[in-house]
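Take a look at the structure set out below.
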Amino acid sequence: MSLTLYFHPLSCYCQKALIALYENDTPFTSRLVNFGDAGEHADFLQLWPIGKFPLLEDGARLVPESSVIIEYLTQHYPGQAALLPADPEQALEVRRLDRFFDLYVTSPMQKIVLDRIRPVESKDPLGVEEAKDMLKRAYGVLEAELGGRNWAAGESFSMADCSAAPALFYAERCVSFQDVYPRLAAYFERLRTRPSFARVLAEAEPYFQFFPRNPGDAELSR
Ligand SMILES: N[C@@H](CCC(=O)N[C@@H](CS)C(=O)NCC(=O)O)C(=O)O
């Protein structure tokens with residue numbers, strides 16, 4: 001079968017799936033979907049009515065959800081990098097951290113970033129404050145948990161790191177962790193220079209100008 005990934009280079013969850021594909025040099029066709037184009041958006045909704053990407057197509061099979069895509073690739077297109085460990089206990093730890101990054105880093109980050117493009121009358125300052133508070137709590141947990149670990153779940157790069165890299169990249173632009181959480185900052189530096197994520201960021205760079213910013217904020221940079 002041949003794989004097609006529906007995605008956008010700036011999307012956090014699409015970047016997560018791309019890292020997994022690049023980690024194992026898995027061949028795939030990329031289909032960039034521009035939701036700003038009404039026709040492309042409508043076509044995508046025909047394919048997947050939930051309207052969220054990434055979406056992986058493998059022949060007649062559609063696989064939504066970034067974590068499920070990574071599990072699917074691990075099962076059907078295994079490569080050198082075992083992003084889900086074979087050991088069930090270790091796999092559980094990877095899944096726990098994958099959920100942690102999605103739910104407590106990416107979700108609040110999205111809340112903060114998407115509020116920037118809401119009309120003035122629909123802004124949600126209380127929700128944004130709650131999201132910032134959640135990010136700080138998540139950073140604190142990660143700072144304590146990372147300890148001497150190289151990667152999120154230990155010594156091997158895993159699905160949890162695929163989730164962590166774009167989540168922390170964008171979260172840093174919402175609530176900075178650089179000067180406050182040294183272990184987290186050092187971990188993010190390892191992620192930033194990991195070839196799979198460095199490639200994802202290089203490919204996203206032409207789109208950085210479209211990332212919603214507060215007035216006075218610098219444009220994204222790698
Ligand atoms: N739980 C989903 C979340 C996917 C998601 O939120 N994708 C965002 C981009 S990062 C999206 O498609 N947004 C477009 C929209 O909501 O219209 C996953 O892990 O894949």
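The values are calculated or read from the model by the stated rules, or taken from the named source; none is laboratory data. Everything numeric here is computed off the predicted structure, so don't read it as measured data. Reconstructed Cβ throughout: ideal geometry from the backbone, glycine too, with neighbour counts over all protein chains shown. What goes into the accessible areas is simple: the full protein's heavy atoms, side chains included, and nothing from ligands, DNA or RNA. Shrake-Rupley method; radii C 1.70, N 1.55, O 1.52, S 1.80 Å.
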Fill in: Filtered trypsin sites (Lys or Arg not before Pro), the stretch 15-101: DSSP coil and at most 16 other beta carbons within 10 Å
Lys52
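Would you mind telling me the share, in percent, of accessible area of the chain contributed by carbon and sulfur at probe 1.4 angstrom? Show your work: numbers first, answer last.
Values: 5870 of 11110 Å².
The computed percentage sits at 53.
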Worksheet entry | Cα-based reach from Lys16 at 21 Å (exclusive), listing lysines while leaving out same-chain residues under 8 positions away | Lys52, Lys111
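Going by accessible area, probe 1.4 Å, with all protein chains left in place, what is the ranking of Cys174, Cys14, largest first? Please list the in-between numbers first.
On the way: Cys174 20, Cys14 0 Å².
Order by accessible area, largest first: Cys174, Cys14.
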Discussion item. Under 8 Å for C-alpha pairs, at least 6 residues apart: give me the relative contact order for the chain, rounded to a whole percent.
Written reply: 23 percent
Worksheet entry | Relative contact order (%) - criterion: Cα under 8 Å, at least six apart; region: the stretch 88-195 | 35 percent
Item to complete: Compare the Cα positions of Val63, Gln80, Tyr13 along the charge dipole of the chain (+1 at Cβ of Lys, Arg; -1 at Cβ of Asp, Glu; about the Cα centre) and return the one farthest towards the positive end.
Response: Tyr13
Worksheet entry | For the stretch 1-101: relative contact order, % (alpha-carbon pairs under 8 angstrom, 6 or more apart) | 30 percent
Worksheet item: Which order do peptides 69-82, 152-165 fall in by mean Cβ count within 10 Å, highest first?
Response: 152-165, 69-82
Worksheet, complete the sentence: Spelling it out for Leu3: with amide H atoms placed in the peptide plane at 1.01 Å from N, the residues 5 or more places away or on another chain with amide H under 5 Å from its amide H are Thr29
Worksheet entry | Solvent-accessible area per residue for the chain (1.4 angstrom probe, square angstrom) | 50 Å²
